[in-house]
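The values are calculated or read from the model by the stated rules, or taken from the named source; none is laboratory data. The model shown is predicted, which means the values in this text are computed figures rather than measured ones. Cβ coordinates were reconstructed from backbone atoms using ideal geometry, including for glycine residues, and neighbour counts include every protein chain displayed.
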């Protein structure tokens, strides 16, 4: 009897919600302009009436998006229990959380979010002291909160820091370099950065990746020729050196660079898809910076994880779907000379390195 009453009440509640949903009125969708745009590809006519929407910065596109949003949010705001759901989710998310601490120079840094902040704040504590101070608060970077920060990275002694900024969720970013003592910029902002990390070489410079400056809309710009650059602190960004990507045979969609922990090598990863990469090295101690080929075919995910002098250690899934760690030398870096340090097992390898140690499980 009790179960039957619950079912009846549940059915009534469901019916009530469905009735409330059915009573929500949907405004007519705004008409979308169609232009007589026709392209010819290999003798075939291809209509493209909505090409005007590819100009994401035009007044017409902004007006179209606003009209579409008005229809959507007008309907959503009529739905029952929407406020209750929002309040419940807010309560679930509203708890303070912190990242693991990490040391850079004379300070210990960590991220903290009070629960409902759009972005976590970076704090620091000077070694030997207990007072924490705000280092960077990305929530203050714009009045409307649409500027986000990522890829915070420090120079060797922690005296400089670099981070990326994105406006409105764009993949196109800029790199800001600051003095960690004064928090003031030390160089001009590096623009047109996309799908890039930041890898420092000592305190004198950093490696990053970017495409050529978009000609027109960022959303419709071609991003098929990524280049790796080196920026020397104190020099104009326009003078940054292209390390990889200038040669005709070096046209890749994705290129990145990573300085080894001992700062002896620059590992360069090149790929045209998000699975598999080619791998090249530059011996930063050599005079000519010759490009050394490790893998010239993107048939595996392979990365440099450690180096000691001329000894090289790679993590790879080449001929090892569950991944393995191999060892070789600078004089013979290609797969033919690899020997297993951590062989593949029936379980997927999860590897971390640091301080000359391998942490594998």
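Below are the figures for this structure:
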| read-out | value |
| --- | --- |
| Given (1) part of a strand (DSSP E or B); (2) closer than 30 Å to residue 158 by Cα, number of the condition residue 45 does not satisfy | (2) |
| Looking only at the stretch 125-134, and only at residues there that are over 23 Å from residue 94 (Cα atoms) and touching a strand residue (DSSP E or B) at 6+ places or on another chain (Cβ under 6 Å), the one that is surrounded by the most Cβ atoms within 10 Å (Cβ to Cβ) | 125 |
| Residue identified as surrounded by 15 or more Cβ atoms within 10 Å (Cβ to Cβ), under 28 Å from residue 282 (Cβ atoms) and free of Cβ contacts under 8 Å to residues at least 24 places away in the same chain among 139, 246, 192 | 192 |
| Test for residue 56: is it within 25 Å of the chain's Cα centre (by Cα) and surrounded by 13 or more Cβ atoms within 10 Å (Cβ to Cβ) | yes |
| Pick from the stretch 315-338, criterion in contact with a helix residue (DSSP H, G or I) (Cβ under 9 Å, 6 or more places away or on another chain) and in a loop (DSSP other than H, G, I, E, B), ranking: farthest from residue 301 (Cα to Cα) | 331 |
| Residue check, residue 341 in a strand (DSSP E or B), more than 23 Å from the chain's Cα centre (by Cα), within 22 Å of residue 270 (Cα to Cα) and modelled with pLDDT of 95 or more | no |
